[in-house]
Amino acid sequence: DNINFASPEVNTTILRNSTTLGNPLPLANGADTRYYWKVISLDNVTGAGNSTETRTFLIQSLVQLTLPNDNVSFGGMVPEQSDNTTDNSPLPLLIENDGNTFIDVNISALDDGLWFNAPSPTIFYMYRVSNYSGEEGAFNWSGSQTVFTNVPIVNNTAIDLLNHTNATDIARIDLNVTVPTTEPGGNRTSSLLFTAILSE
């Protein structure tokens, strides 16, 4: 990533009649980084050689978010009953960074919330971000909403610096609901909006 090749990301010597397969470039600085490259031919006797002109390429950011689990159903509940997804029953929402750069993820309700008698934001409809088993460390814990808080009706940052590398690119969104005391019977639904933003 330095036009003077002060500390190359990759510096590989290939002998004649040799072939290197695969991509040796780690792209350690991620997207939106300009990389430079050149080829130098070497004389096997004196080590002297000629260099091609320096070329460059840029990997652009791809911000892409998917929800491997995009639905939570708490089933039948009665007034003052509480339930949450921390025990995986029901399963939490899962959010995955399928792009090539770190992202921040905002959350907001697309409606008035889950309850007729307790419109959002309310303690009767809460969320938190947590580690997905096997992909711990996928996001910046201290900058993310890791304790239960009211589901907002305007965009709030829920996840800070969600990683894009395949081994650690998934986080879980736990929901915590309580039926208000005076809530009438019937089915309830609520939709959440997740907005992915390129981390700066």
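The values are calculated or read from the model by the stated rules, or taken from the named source; none is laboratory data. Because the structure is a prediction, the values reported are computed rather than measured. Here Cβ is always computed from backbone atoms with ideal geometry, including for glycine, and neighbour counts include all displayed protein chains. Please note that ligands, DNA and RNA were not included when accessible areas were found on the heavy atoms of the full protein model with its side chains. Shrake-Rupley method; radii C 1.70, N 1.55, O 1.52, S 1.80 Å.
The figures follow:
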{"item": "Evaluation of residue 130 against (1) in contact with a Leu (Cβ under 8 Å, 6 or more places away or on another chain); (2) at pLDDT 95 or above (one fails), failing number", "result": "(1)"}
{"item": "Sole residue being at pLDDT 95 or above and of a type in the set (A, V, I, L, M), chosen from 167, 158", "result": "158"}
{"item": "Listing of strands (runs of 3 or more DSSP E) fully contained in segment 111-200 that carry 1 or more residues being acidic (Asp, Glu)", "result": "156-162, 170-178"}
{"item": "Flag for residue 70 being among the acidic types (Asp, Glu), touching a residue at least 12 places away in the same chain (Cβ under 8 Å) and crowded, with 17+ Cβ neighbours inside 10 Å", "result": "no"}
{"item": "Members of segment 125-161 that are open to solvent by less than 70 Å² (accessible area, probe 1.4 Å) and small (Gly, Ala, Ser)", "result": "130, 134, 137, 138, 143, 144, 158"}
{"item": "Subset of segment 93-102 [open to solvent by less than 20 Å² (accessible area, probe 1.4 Å) and either in contact with a helix residue (DSSP H, G or I) (Cβ under 8 Å, 6 or more places away or on another chain) or at pLDDT 95 or above (or both)]", "result": "93, 95, 97"}
{"item": "Pairs where the first residue, in segment 73-98, is assigned to a loop (DSSP other than H, G, I, E, B) and the second is surrounded by 15 or more Cβ atoms within 10 Å (Cβ to Cβ) and of a type in the set (Gly, Ala, Ser), C-beta under 8 Å, 6+ apart", "result": "86/130; 92/130"}
{"item": "Yes/no for residue 85 being within 14 Å of residue 180 (Cβ to Cβ) and open to solvent by less than 60 Å² (accessible area, probe 1.4 Å)", "result": "no"}
{"item": "Total residues in segment 107-124, condition open to solvent by 20 Å² or more (accessible area, probe 1.4 Å) and either within 22 Å of the chain's Cα centre (by Cα) or aliphatic (A, V, I, L, M) (or both)", "result": "3"}
{"item": "Odd one out for residue 103, checked against (1) without any contact (Cβ under 8 Å) to a residue 24 or more places away in the chain; (2) touching a His at 6+ places or on another chain (Cβ under 9 Å)", "result": "(1)"}
